[in-house]
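Asks: The structure follows.
Read-outs throughout are calculated quantities, based only on the coordinates presented, and are distinct from any laboratory measurement. The shown structure was predicted, so the numbers you read here are calculated from the model rather than taken from an experiment. We place every Cβ from the backbone using ideal geometry, glycine too, and count neighbours over all the protein chains shown.
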Amino acid sequence: QVQLVESGGGLVQAGGSLRLSCAASGIRFSLYAMGWYRQAPGKQRELVAKMGSGGSTNYADSVKGRFTISRDNAKSTVYLQMNSLKPEDTAAYYCTGQIGSRNYWGQGTQVTVSS
């Protein structure tokens with residue numbers, strides 16, 4: 001059974017930082033591209049950051065220079081370090097694991113940034 005479990009969300013003031021974690025089980029983690037998406041109320045889900053199995057990364061323009069994705073294959077965990085948070089970063093953040101046509105999602109963790 002595949003599980004992706006996010007943690008680390010919460011309420012933070014603008015300019016603050018949070019680190020999200022996503023622990024995966026049931027997959028060969030090192031082979032998967034791992035990513036973070038977010039969805040704000042009334043908006044479509046959007047890619048925040050993604051890291052391939054080889055370590056390549058890509059980021060949404062809106063978070064470049066502020067967010068950093070990383071992974072620890074030994075712990076089957078992917079992280080999202082979020083710095084200089086803005087109110088517009090408020091959303092539910094979802095972890096995803098993808099390989100070929102397989103795409104798994106976590107249940108999401110809420111990030112709220114107050115102004």
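Asks: How much net charge surrounds R28 when only the other residues with a Cβ under 15 Å from the Cβ of R28 are counted, with Lys and Arg +1 and Asp and Glu -1? Spell out each step's value before the answer.
Replies: Working: positive: R71, K75, R102; negative: D72.
Net local charge, R28 excluded: +2.
Asks: Averaging over every viewing direction, what projected area does the convex hull of the Cα atoms of the stretch 41-115 cover, in nm²?
Replies: Numbers: hull surface 23.6 nm².
So the mean shadow area of the Cα hull is 5.9 nm².
Asks: Enumerate the calculated ³J(HN,Hα) couplings along the stretch 75-82 in order (Karplus 6.51 cos²θ - 1.76 cosθ + 1.60, θ = phi - 60°), each rounded to whole Hz, writing x wherever the residue is Gly or Pro.
Replies: 9, 6, 9, 10, 10, 9, 8, 10
Asks: Quick one: of the DSSP bridges fully inside the chain, what percent are antiparallel, nearest 5?
Replies: Numbers: 39 of 43 bridges.
Beta bridges within the chain, antiparallel portion: roughly 90 percent.
Asks: A further question on this structure: Check each of the trypsin sites (Lys or Arg not before Pro) in the stretch 62-113 and keep only those in coil by DSSP with at most 13 other C-beta atoms within 10 angstrom; list them in order. Can you show the working numbers first?
Replies: Numbers: sites: K64, R66, R71, K75, R102; in loops: K64, R66, K75.
Those satisfying the criteria are K64, K75.
Asks: While we're on this one: Going Cα to Cα from K75, which lysines come in below 29 Å? Please leave out same-chain ones fewer than 8 positions away.
Replies: K50, K64
Asks: Return, ordered by residue number, the residues of the stretch 73-92 whose backbone nitrogen is under 20 Å from a label point located 7 Å along Cα→Cβ of V2.
Replies: 73-80
Asks: I want to verify the translational diffusion coefficient of the stretch 1-76 in µm²/s; compute it with Stokes-Einstein, Rh as the Kirkwood radius over Cα pairs, at 20 °C and 1.002 mPa s. It would help to have the intermediate numbers written out before the result.
Replies: Values: Rh = 13.8 Å.
D, rounded to a whole number, is 156 µm²/s.
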